[in-house]
Amino acid sequence: MTPDYSMMQQLLGSNLPQYTPAALHGTVAGLLSSGAPDIDEEDVATLLQCEFPPVIGRLLALLISNTREQLQEPDFSFQLLLPQDDASLASRVGELGLWCESFTAAFSAGFVLSETALGTEGREALTDIAQLSSLVDEAEDDMEDQEEDYMELVEYVRMAVVTLYQQLCGAAAETGIAPMQPLSDGDTVLH
């Protein structure tokens, strides 16, 4: 079961107000899609350079598990965690931009395969998602007549993420790359 956006927003607002559910989900999806499918809440904490309170750690574990399951489903059931349709379109567009920004940053941090593993289609999808990060700055209140465009963007990003996940997790499994390897100085990087 996918965590509810409003419930996550309340939990994050009282525990980690600097993160939105969309940003956290984009981070999780980016790490998973980068070819590092065995991530956990500690990996996310390392990437975001923060310590999660226990309640957020449990929520994050559920989010990781659910996102991984959705990405592995053959019926393409993966969905972006974004505000519900009753939120203003400007708010939803801004959160989509934040989701894409978080996805791109996490993907970049977790990606350790050769660039050829991405292929042309994967590079194009990743570039498009990165460009949609600018939606954070472009969301305006007078966008209500652009609902259909928003839905098409969400669907494009959804399918691009599923494609990247399927392509790169297969490539990572073939190379035997582990998701996290400690460095000699005690720091960790996503590999």
Local net charge near Phe52, Cβ-Cβ under 15 Å (Lys/Arg +1, Asp/Glu -1): -4
Gln166 versus Glu152: modelled label distance in nm, points set 7 Å from Cα along the beta carbon direction: 2.3
Cα gyration tensor shape for segment 1-159, rounded if a/c is under 1.5, else prolate or oblate: oblate
Additional length obtainable on full extension of the chain from Thr120 to Glu73, 0.36 nm per residue less Cα span: 14.5 nm
Distance (nanometres) between label positions extended 7 Å along Cα→Cβ at Leu62 and Asp40: 1.9
³J(HN,Hα) computed for each position of segment 79-94 - Karplus, 6.51 cos²θ - 1.76 cosθ + 1.60, integer Hz, glycine/proline x: 10, 6, 8, 10, x, 5, 5, 7, 6, 4, 4, 4, 5, 5, 5, x
Gain on full stretching of the segment that runs from Val55 to Ser134 - 0.36 nm per residue minus C-alpha separation: 25.3 nm
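Every number here is computed from the coordinates shown, using simple stated rules; none is lab data. Computed from a prediction, not measured in an experiment: that's the story for all the values here. Cβ coordinates were reconstructed from backbone atoms using ideal geometry, including for glycine residues, and neighbour counts include every protein chain displayed.
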